[in-house]
Every structure is written in structure tokens, then in C-alpha cells.
Amino acid sequence: MEITSFDLESKGKPHHHWLLPNTIRCIVCGPSGCGKTNLLLNLLLKAGYLNFDRLHLYSKSLGQEKYQFLHDWAETLEQVAGKEVASFHSNADEIIPVESLDKKECS
């Protein structure tokens, strides 16, 4: 069956890897040792996989070496960009409601 798009906005050029939608909010979850952090690092650090303006990372284990590497990488990126691009949180009470995010940055 052919599906007609009734979206009012032009989708334009794809923003992420072809397997991902143009806009995405994502939770990566799974048991310890299944590769969640490696998946995240690959999506963020490999060119053309995931383009983002802002990263909110929540984890109980931010002291891990891979998260420290990601934190250092984000600090370097922030110096180049001249703005904050990542925040790291280890407490569920710090979860930012979607409604409070800047809509201009989400489009």
C-alpha cells in the first residue's frame, strides 16, 4: 500500500544515520555489560551517526572511565562551540521534563 505523507513541514535532508528518525529522544537501557555505553560512544563520536545540539546523560555510574572520556570530550566540544552541549546527571531527581527544553533547539 502506498502511504501519502500529510506532514505540513518539509522533512529536508536527513539529520542522522539513515536508520534513525530526523528527531529522536532516546533511552538506552539494558543489563550491565551489554554494551550500552559503547553504543552511546559510537553514536556520539562517529561522524554521520547522530547529530545533536544538546546531550543529557543520566547514569548511576558516571565515574566509569568511558563516561569520564565522554565528559572530557564534551568539555572540549563546548570550548569549540562556545556553549554548553552536554550535562551529566547521576540522580533521577535531576531529570529534566521535556516540556522545559528549548523548543528552538529541538527543531
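Listing for the model above:
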quantity	calculated
Scope region 25-61; condition within 16 Å of residue 87 (Cα to Cα) and among the basic types (Lys, Arg); matching residues	25, 54, 60
Matching residues in region 29-44 - criterion: being closer than 23 Å to residue 101 by Cα and loosely packed, with under 10 Cβ neighbours inside 10 Å	29
Failed item, numbered, when residue 19 is tested on (1) without any contact (Cβ under 8 Å) to a residue 12 or more places away in the chain; (2) in a loop (DSSP other than H, G, I, E, B); (3) under 13 Å from the mean Cα position of the chain (by Cα)	(3)
Those residues of region 45-98 which are loosely packed, with under 11 Cβ neighbours inside 10 Å and within 26 Å of residue 19 (Cα to Cα), in sequence order	46, 47, 48, 98
Residue 35 being at pLDDT below 90 and at positive phi	no
Long-range neighbours under 7 Å by Cβ, at least six apart or interchain, first residue on the phi > 0 side of the Ramachandran plot within region 45-59, second of a type outside the set (A, V, I, L, M) and in a loop (DSSP other than H, G, I, E, B)	48/17
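Each row is one residue, and each column tells you yes or no for (1) part of a helix (DSSP H, G or I); (2) at pLDDT below 80; (3) of a type in the set (Val, Ile, Thr).
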position: 67; (1), (2), (3): yes, no, no
position: 71; (1), (2), (3): yes, no, no
position: 74; (1), (2), (3): yes, no, no
position: 79; (1), (2), (3): yes, no, no
position: 84; (1), (2), (3): no, no, no
position: 87; (1), (2), (3): no, no, no
position: 93; (1), (2), (3): yes, yes, no
position: 99; (1), (2), (3): yes, yes, no
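The values are calculated or read from the model by the stated rules, or taken from the named source; none is laboratory data. Note that the structure is a prediction, hence the values are computed from the model and not measured. Note: ideal-geometry Cβ built from the backbone for every residue, glycine included; neighbour counts use all protein chains shown.
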